[in-house]
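Report on the structure given below.
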Protein chains: 2
Amino acid sequence: MDLQARRNADPQHWNLATSIRVLAMDAVQAANSGHPGMPMGMADVATVLFRNHLKFDASAPNWFDRDRFILSAGHGSMLLYALLYLTGYEQMTLEQIKNFRQWGSITAGHPEYGHAEGIETTTGPLGQGIATSVGFAIAEEAMRAEFGEALCDHRTWVIAGDGCLMEGISQEAIALAGAQKLGRLIVLWDNNDITIDGAVSLSDRTDQRARFEASGWRVLSCDGHDAADIDRALSAAKDSDGRPTLVDCKTVIGYGSEKKQGTSGAHGSPLGDEEIAATRRHYGWDHAEFIIPDDILSDWREIGRRGAEARQGWNDRVDGLEADKRDEFARRISGESNGKLGPAIAALKEQALAGQHKVATRKASEMVLEVINPALPEMFGGSADLTGSNNTKTADLGIFDVQNRAGRYIHYGIREHGMAAAMNGIFLHGGFRPYGGTFLTFTDYARGAMRLSALMGIATIYVMTHDSIGLGEDGPTHQPIEHLALCRATPNTMVLRPCDLIETAEAWEIALDSEDAPSVMALSRQNLPLLREEAGENLSAKGAYVMREASAAPKVILMATGSEVEIAVNAREILEAAGIPTRVLSVPCMELLREQDAAYRETLLPADTVRVAVEAGVRQGWDWLLMGERGSDTRAGFVGMDGFGASAPAPKLYEEFGITPDAVAETAKALL
Amino acid sequence: MDLQARRNADPQHWNLATSIRVLAMDAVQAANSGHPGMPMGMADVATVLFRNHLKFDASAPNWFDRDRFILSAGHGSMLLYALLYLTGYEQMTLEQIKNFRQWGSITAGHPEYGHAEGIETTTGPLGQGIATSVGFAIAEEAMRAEFGEALCDHRTWVIAGDGCLMEGISQEAIALAGAQKLGRLIVLWDNNDITIDGAVSLSDRTDQRARFEASGWRVLSCDGHDAADIDRALSAAKDSDGRPTLVDCKTVIGYGSEKKQGTSGAHGSPLGDEEIAATRRHYGWDHAEFIIPDDILSDWREIGRRGAEARQGWNDRVDGLEADKRDEFARRISGESNGKLGPAIAALKEQALAGQHKVATRKASEMVLEVINPALPEMFGGSADLTGSNNTKTADLGIFDVQNRAGRYIHYGIREHGMAAAMNGIFLHGGFRPYGGTFLTFTDYARGAMRLSALMGIATIYVMTHDSIGLGEDGPTHQPIEHLALCRATPNTMVLRPCDLIETAEAWEIALDSEDAPSVMALSRQNLPLLREEAGENLSAKGAYVMREASAAPKVILMATGSEVEIAVNAREILEAAGIPTRVLSVPCMELLREQDAAYRETLLPADTVRVAVEAGVRQGWDWLLMGERGSDTRAGFVGMDGFGASAPAPKLYEEFGITPDAVAETAKALL
C-alpha cells in the first residue's frame, strides 16, 4: 500500500504517526547525528500503542501502576523523545527535542535513565532493554502477588529490533521469561530486515518466530504500517494466554524516505535536507521543521491524558486501604527503608563477636541474609544456577515461579548477563531490592548489565563469590585475577570485599543503604577467621580502617582486603616479633575510602612508612594507596598476582604464588 | 534398560565406556573435588564417537586434518583426560590422571589449552566451547576452499550441556553457524535435565530441538546409553544435508551411581568411597582404583591408532603437492610469517610520513589493512555489524558466506561475544589470523572470550574503535571510560592505542608479530594529525618513547596515548612558550613498556620532574608511571575522566570534561 492510501485510510492516525517521523528526521538532521530510520519505521506501531493500549498519564510519569514502555532499540531514542513531547511529559519540551544529542540536554543519543521522566531504563547497548524488561515483569508479578491486582495491574511493553534479538542476552531473557510465563510482557519486534551492515540475511537466517515459540512465547504478527492491523495485534497481545507475547511487526526502516527506506542508509545518519524535504512531500506534511500543528498536538495531548481516570481510580483504591497496608505499600514503591536493617545488622555483629565464627564470607553473607531477609520484605534474591555455592538462598524465601508468585527467590538459570539485567529491571520497577549471585570471574559475562547499573545509578547488588585463587581446584578459568580491578575501574560502583563475618554484615548494610550505586560483594569460598575485635560502628563504611595497630609508631603499614587480611595480620606478627612496629589496615571498599577526607587517609597512612598491599589479584588499582596521593617518598610493595591462576588446592596456590605471611613480611623488610 | 542388560548387549563397548566412568570417579575422589556426573553420563556417547567416528591419531595429536573434539561442558574435564589417556596420547599418563587438579599437573580442573595435546581449546566458562567451535568450523571451510578437500577434510565435534545452551553466547553461536550452514559442525547435547540448582525445569522450559531448528540446524537424537543407537545417530550426523547438526543425546547424569544418578548431587562433587564401590559393583567392574585391565586398555589403544592410515594418506597427498603449494600450505598451518609484513608496514610508514594524512586511527587501520591483507593471505577479517564504523573490510577480501567459502571477511552479526569466541576458534584451528571489530565499550559483551584469548595465549586481534568520549553524540552507553583500564588489568593482553597513522601501522605489526598474546587495538572515531616525525624503527614496540623532546632538561613530562597525544603535544607548546621545558611521551602500549628494562624507563621519566598523564579514560592503570616504580618525590597529575561521559559533539565533550591543552598545561604548572 502506498503512502497516499495509508494516509487516506486513517488520516488522524497518519498525522499522529507522521508527527513522530518528522520530529525524528528534524532532530537528527539538526544534531547532524542520530538514527532516523527506526523511529520512522516504528512510528505507526508506537502511535497505536500509546493511543489505544499503553496505560499511562503524562502528567504523572512515575505513577506506580502505569504500563512500562521500554525502547530496547535505544538508538531509536527520538521515537521515545517524540512520544514524550507529543503526549505532554512536562520535562520533554520542544526545546529539548531541538537540542537532541547536545551538551546539557536530556535528549541524549540513547535514552538515559534519570535524564527525563518516562525513560524507564537506559538502553543503547543492544539487548539490554529486552533483558531488563524481564525484571520489570518479574517485579510486577511479585508485587501483584503481595499487594493484589487492584494495586498492581500493568504490563511491560518493549520495542526491540533485530540487533536486540541477535545479542546473546536476548536468549537468556526470552528463555527466562518463557519459563516464568510472564504473560504481561509484550515485545514488539521491529522486523525490518535491516542491520547496519545491510540485510539481516548477511549474518542471520533465524526464524525468530519459531525461536520465541521454542522458548515458550506466543507469537502474533501485524503489518507495522497498518493502524487497524496493529491495533488488532496489540489487543490480542493484552489478552494473554499465560505466555509472554512477541508481536512480529513487519516494518520498513526509514518509512517514507524514497531514497533510503528499506536500506541500512536510513539507519544511523541524517537523511539530509533534500531527502527530508522530499519525504515531507511524500507524507503530505507541509509544516516547517519541528512544527506540529496545534490540532495534531492537541490530539496527542489528549492521548497523554487518557490514563488520568485509571490513575484516579488507583489513587482511590490506595486511599481506601487500611493504614498499615497503605503505608507499607507506599514505603515499598518509594524504596524507603523500614528502619529494620541497622538494628538487625548491629545485633548480628554483636553475636558474631561472641561466636567467633570461622566461616567463608560467602557463608557469612548467608548468615547476614538469614537475618535481614525476614526483616526486609523487599529483598528479592537469586543466583545464576549457583545457589548452593553463592549461599544466596535463605530459609524464609519461597521460590518465585509460575506456581508461586509470592516467592522471593528466583532461579535465574545459567544466565549471568540476563540475571544482571533482570535485577536492574526489578530495581527500576520498584517494590524490591534485588540481589543475585554468581562467581566473581563471571563478572565477565554480566558486565554489560553491571555497567548499566552504575551508569543509571541504581543499587543492584551483585553477590560474587569464589573471589580469588582461593577457590582452588577449578583453576584459572574460574579464578578472578583482574576482576576486582575492573569493577573498581568502573565509575559509580562500590566494590566490597569483607574479611570476616562482621565486615560482611557491614558490607550488606552499606549495599542496602546505597540508593544510587550498585555494589559488587566479593566473597570468599574458603573459611576465614573473625578478625574484628569490635562490633559497634560500621568501620567498613569508611572504606579502610586500622584492623591491628602497631606496637609503636608504625614503620610498616600492611593493607589488605577480604581473605588476605588474615595473611596481613599474620605477617604483622612476624614483623612485630622482629621488632618492626606494623599496622594492618583492612580496606573493604576503596570507593568509600576515596570519599573520606584526605586527613583521614593521612592518619591511616602516615608519611615515611613502608607500605605493602596484599590482595590475591592484580596490583592495578592499588598504586594510589601505595604511592601516596601526590607521590611521596614512601617505599611500597605489593603481594598479589601478576598472571593467571592455576588448578590446585587453595593453600597450595597461595604458597606457590607467594601470597603468604612470610612473603609479606619479607617484602616489607626488603623495603625498610 | 538396566545396567546388566546394557552390559550384555555390547560387552566390549561397556568395558570401554566404563573405563572412562571409573577413571572419572576415581580421579575426582582422589582430588576430593571435581565433576564426575558428566563424564559418567556421556561416556557412552564419547566412546562411540572416538571408537567409530572421530578422525584422529593419538600418536600425532596436532595432525592438521584431524577432526576437532571440543568439550564445551569443560567441567567434565575428566571425560577428555580419560579419553586422551586411554587412546594413548603420550603426554596424558596415568600419573597425570592420578594428579587431577593438583599443582603442576596437566590435568587442571577444566581443560586448559596448552597443558596437553588433544585439548583443542580452553573450556569451563559455559558456552565458550560451542561458540569457539563455530570458529573452528569456519576456518575449516575457508581452508578447504583455499587448499581443497584432499588437504582439509575434517569435522568439528562438540559436547555441550544444558549450561552451555542456556548461556546467551550459545544463541550467537548457533545462529551464526546456522546462517553460515556449517554442515561439518556437530554438537552432541548432553541432555540430562540437570543443572547445579536441580532440575533444568527450575529455570528453563526451552524446547532446545525447536530452538536449534529455528536457527537453521538439523536435529537428530539418540539414547545416550545405547551404543548402537548412538552409532546410528553419529553416522547420520556425518551425512550432512548442509546444515550443522545437533544430536540430542538423552543421558543420565552420574550414570550408574544408584544414589546420585539423575540428580544434581552427581554433578560437582566426589561420589564418596562407599558410593564409588557400590557403583563399581553395578558396573560389574572389579578392578582397583585407576586400574584399567590390559585387554581393555589395548582395545582403547587400538582406537587411538585408528586414524593412522588416514593420516598417512594425507601425508602422501601433501608430499605430492607442487613445492610452492606445499610450502605455502605448511606455512599456513604452522602459523609462520611469509616475511611480507615488515616490508609492507615499512613502506606504508614512509608513505605516511610523506603524505601527512590527518585521519581517524580507525581509518588509519583500514589503510594498514589495505596494504597487509593482500600480502598476508592468512588475514581473516570481520565485524560485529559495524563494518563501516570499524573500517575492518578491505577491497580484496571477499565475503565468506555459504556461496563463497573463499571469502576472507565475515559478517558476524550483532554478536560481539560470539565473534570473539569464533575468532579464538579460527586462530586455534590454524591457517588464519583472525581480526574482528566492534566498539571498545562493547568489550563488555565480549570479555568472556577475550579473557580466554589471553589465558590460552593466542594472538586474536580485537579492533576496537570509537575508543573514548571522542565518539561524541552516541553518549555514555557507547563511550568507553574504564575499558582501557580493564583490558590492561587482564594478564597477557596487549592494549595498543596508537596516536596516528604511523603508530597504527606499528600497532598492526606488533599485533601480527605476536604469537602468544591477544591484542586490543583501541582506535579513534575522530580524525588525528600525523604526529610522528620519523618512520624508521617501530618505536611503538618499546611501549613508550619520546614523541617531542623538551627544549632543555625537562621539567615536565607529559604522557598520553591515542587521541590525547595531540593534546599533550599542544600542551607542550603552551608550556614551552612559558619557558617550561616539556617532553611528550607517547605510550601506545603499557604492556610493552613494562617489558623494557628499568633503565629505559628511567631515561624516559627522569626523577625530579613533574609528570602529567592525559588519557580520556580513568586514571587507574597510570599510577605506576606517574608515581614512579618505587615511589619517588615526583609530583604527578592526571587529566582524564573520573565518571561516565555524555552525549554531545566530541569537541564539546573534551572541553567540558577538561581534557584540553590548556587544562594539561595548567595541571603541570600547578605541580611545578
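Only one residue in B:Gly617, B:Gly628, B:Gly643 is at the interface with another protein chain (Cβ under 9 Å from one of its Cβ atoms), within 35 Å of the chain's Cα centre (by Cα) and at pLDDT below 95, so which one is that?
Only one candidate passes the filter, namely B:Gly628.
Just to check your reading of the model, which residue among B:Cys152, B:Cys164 is under 14 Å from B:Asp65 (Cα atoms) and either touching a residue at least 40 places away in the same chain (Cβ under 8 Å) or within 18 Å of the chain's Cα centre (by Cα) (or both)?
Sole residue among the options that is under 14 Å from B:Asp65 (Cα atoms) and either touching a residue at least 40 places away in the same chain (Cβ under 8 Å) or within 18 Å of the chain's Cα centre (by Cα) (or both): B:Cys152.
Restricting the first residue to the range B:12-38 and requiring it to be basic (Lys, Arg), which pairs with a second residue that is part of a helix (DSSP H, G or I) and open to solvent by less than 10 Å² (accessible area, probe 1.4 Å) meet a Cβ separation below 6 Å and a spacing of at least six or different chains?
B:Arg21/B:Met40; B:Arg21/B:Ala43
Criterion first (farther than 13 Å from B:Val664 by Cβ, open to solvent by 50 Å² or more (accessible area, probe 1.4 Å) and touching a residue at least 60 places away in the same chain (Cβ under 8 Å)) does B:Lys555 satisfy it?
Criteria met by B:Lys555.
Does B:Arg594 satisfy being among the charged types (D, E, K, R), open to solvent by less than 20 Å² (accessible area, probe 1.4 Å) and within 28 Å of A:Glu591 (Cα to Cα)?
No, not satisfied.
Please go through the range B:531-552 and pick out each residue that is in a loop (DSSP other than H, G, I, E, B), touching a helix residue (DSSP H, G or I) at 6+ places or on another chain (Cβ under 7 Å) and open to solvent by 50 Å² or more (accessible area, probe 1.4 Å).
Once the filter is applied, which keeps residues that are in a loop (DSSP other than H, G, I, E, B), touching a helix residue (DSSP H, G or I) at 6+ places or on another chain (Cβ under 7 Å) and open to solvent by 50 Å² or more (accessible area, probe 1.4 Å), the range B:531-552 yields only B:Ser551.
Any idea which of (1) open to solvent by 60 Å² or more (accessible area, probe 1.4 Å); (2) within 18 Å of A:Arg433 (Cβ to Cβ); (3) within 14 Å of another protein chain (Cβ to nearest Cβ); (4) of a type in the set (Gly, Ala, Ser) is the one A:Gly382 doesn't satisfy?
(1)
Going by the conditions given, is A:Leu376 among the aliphatic types (A, V, I, L, M) and either out of contact with any Leu (no Cβ under 9 Å at 6 or more places or on another chain) or open to solvent by 20 Å² or more (accessible area, probe 1.4 Å) (or both)?
For A:Leu376, the condition - among the aliphatic types (A, V, I, L, M) and either out of contact with any Leu (no Cβ under 9 Å at 6 or more places or on another chain) or open to solvent by 20 Å² or more (accessible area, probe 1.4 Å) (or both) - is not met.
For residues in the range A:97-114 being at the interface with chain B (Cβ under 7 Å from one of its Cβ atoms) and open to solvent by 10 Å² or more (accessible area, probe 1.4 Å), which is nearest to A:His267 (Cα to Cα)?
Applying the filter and picking the extreme gives A:Gln102.
Which one of A:Ala550, A:Ala598, A:Ala522 is within 32 Å of the chain's Cα centre (by Cα) and assigned by the TED database to the domain that holds A:Val614?
A:Ala598
Output yes when any residue across the range B:392-405 is of a type in the set (Lys, Arg), within 9 Å of chain A (Cβ to nearest Cβ) and in contact with an Asp or Glu (Cβ under 6 Å, 6 or more places away or on another chain), and no when none is.
no
crowded, with 19+ Cβ neighbours inside 10 Å, at pLDDT 95 or above, farther than 30 Å from A:Arg405 by Cβ and out of contact with any strand residue (DSSP E or B) (no Cβ under 6 Å at 6 or more places or on another chain), is that true of B:Leu246?
So B:Leu246 does not fit the description; no.
Identify all residues within the range B:126-163 that are open to solvent by 10 Å² or more (accessible area, probe 1.4 Å) and part of a loop (DSSP other than H, G, I, E, B); write none if there are none.
Across the range B:126-163, the qualifying residues are B:Leu126, B:Gly148, B:Glu149, B:Ala150, B:Asp153, B:Arg155.
Hey, among B:Ala227, B:Ala210, B:Ala199, B:Ala233, which residue is hydrophobic (A, V, I, L, M, F, W, C), over 28 Å from the mean Cα position of the chain (by Cα), more than 14 Å from chain A (Cβ to nearest Cβ) and open to solvent by 10 Å² or more (accessible area, probe 1.4 Å)?
On inspection, the qualifying residue turns out to be B:Ala227.
This table checks each residue for (1) of a type in the set (A, V, I, L, M, F, W, C); (2) part of a helix (DSSP H, G or I); (3) within 28 Å of B:Arg205 (Cα to Cα).
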position	(1), (2), (3)
A:Ala210	yes, yes, yes
A:Glu213	no, yes, yes
A:Leu220	yes, no, yes
A:Ala233	yes, yes, yes
A:Ala236	yes, yes, yes
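Taking the criterion of being within 28 Å of B:Arg451 (Cβ to Cβ), in a helix (DSSP H, G or I), in contact with a Leu (Cβ under 9 Å, 6 or more places away or on another chain) and open to solvent by 10 Å² or more (accessible area, probe 1.4 Å), would at least one residue in the range A:624-642 satisfy it?
Scanning the range A:624-642, I find no residue that is within 28 Å of B:Arg451 (Cβ to Cβ), in a helix (DSSP H, G or I), in contact with a Leu (Cβ under 9 Å, 6 or more places away or on another chain) and open to solvent by 10 Å² or more (accessible area, probe 1.4 Å), so the answer is no.
Those residues that are free of Cβ contacts under 8 Å to residues at least 60 places away in the same chain and not in a helix (DSSP H, G or I), I need them from the range A:167-183; list them, please.
Residue satisfying the conditions is A:Glu167 alone.
Within 14 Å of chain A (Cβ to nearest Cβ) and part of a loop (DSSP other than H, G, I, E, B) - does that describe any residue in the range B:590-603?
Checked the range B:590-603: no residue is within 14 Å of chain A (Cβ to nearest Cβ) and part of a loop (DSSP other than H, G, I, E, B).
Taking only the range A:462-473 into account, find how many residues are closer than 18 Å to A:Val565 by Cβ and either in a strand (DSSP E or B) or of a type in the set (S, T, N, Q) (or both).
3
Step by step: first the residues of the range A:474-530, then only those that are more than 16 Å from A:Val463 (Cβ to Cβ), open to solvent by 10 Å² or more (accessible area, probe 1.4 Å) and part of a helix (DSSP H, G or I), then the one that is farthest from the other protein chains (Cβ to nearest Cβ). Which residue is that?
A:Asp513
Exactly one of (1) of a type in the set (D, E, K, R); (2) facing chain A (nearest Cβ under 8 Å); (3) touching a helix residue (DSSP H, G or I) at 6+ places or on another chain (Cβ under 6 Å) is unmet by B:Asp190. Its number?
Against the list (1) of a type in the set (D, E, K, R); (2) facing chain A (nearest Cβ under 8 Å); (3) touching a helix residue (DSSP H, G or I) at 6+ places or on another chain (Cβ under 6 Å), B:Asp190 comes up short only on (2).
Each row is one residue, and each column tells you yes or no for (1) assigned to a loop (DSSP other than H, G, I, E, B); (2) under 30 Å from B:Glu149 (Cβ atoms).
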| site | (1), (2) |
| --- | --- |
| B:Ala406 | yes, yes |
| B:Ile410 | no, yes |
| B:Gly418 | no, yes |
| B:Ala422 | no, yes |
| B:Gly437 | no, no |
| B:Phe442 | no, no |
| B:Met450 | no, no |
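Restricting to the range B:29-49, what's the tally of residues that are in a helix (DSSP H, G or I) and surrounded by 24 or more Cβ atoms within 10 Å (Cβ to Cβ)?
Selection size over the range B:29-49: 12.
If you go through the range B:160-168 one residue at a time, do you hit one that is closer than 22 Å to B:Leu452 by Cβ, away from chain A (no Cβ under 11 Å) and not aliphatic (A, V, I, L, M)?
No, because not a single residue in the range B:160-168 is closer than 22 Å to B:Leu452 by Cβ, away from chain A (no Cβ under 11 Å) and not aliphatic (A, V, I, L, M).
Being open to solvent by 10 Å² or more (accessible area, probe 1.4 Å) and β-branched (Val, Ile, Thr) is true for just one of A:Thr87, A:Thr93. Which residue is that?
A:Thr93
Could you please find all residues in the range B:569-614 being among the small types (Gly, Ala, Ser) and modelled with pLDDT under 95?
B:Ala598, B:Ala599, B:Ala607
Could you tell me whether any residue of the range B:651-662 is more than 13 Å from every other protein chain (Cβ to nearest Cβ), under 30 Å from A:Ala517 (Cα atoms) and surrounded by 17 or more Cβ atoms within 10 Å (Cβ to Cβ)?
Scanning the range B:651-662, I find at least one residue that is more than 13 Å from every other protein chain (Cβ to nearest Cβ), under 30 Å from A:Ala517 (Cα atoms) and surrounded by 17 or more Cβ atoms within 10 Å (Cβ to Cβ), so the answer is yes.
The values are calculated or read from the model by the stated rules, or taken from the named source; none is laboratory data. Here the structure is a predicted model, which is why all the values come from computation and not from measurement. All Cβ positions, even for glycine, are placed from backbone atoms using ideal geometry, and neighbour counts span all protein chains on display. Protein only, heavy atoms only, side chains kept; ligands, DNA and RNA dropped before computing areas. Shrake-Rupley method; radii C 1.70, N 1.55, O 1.52, S 1.80 Å.
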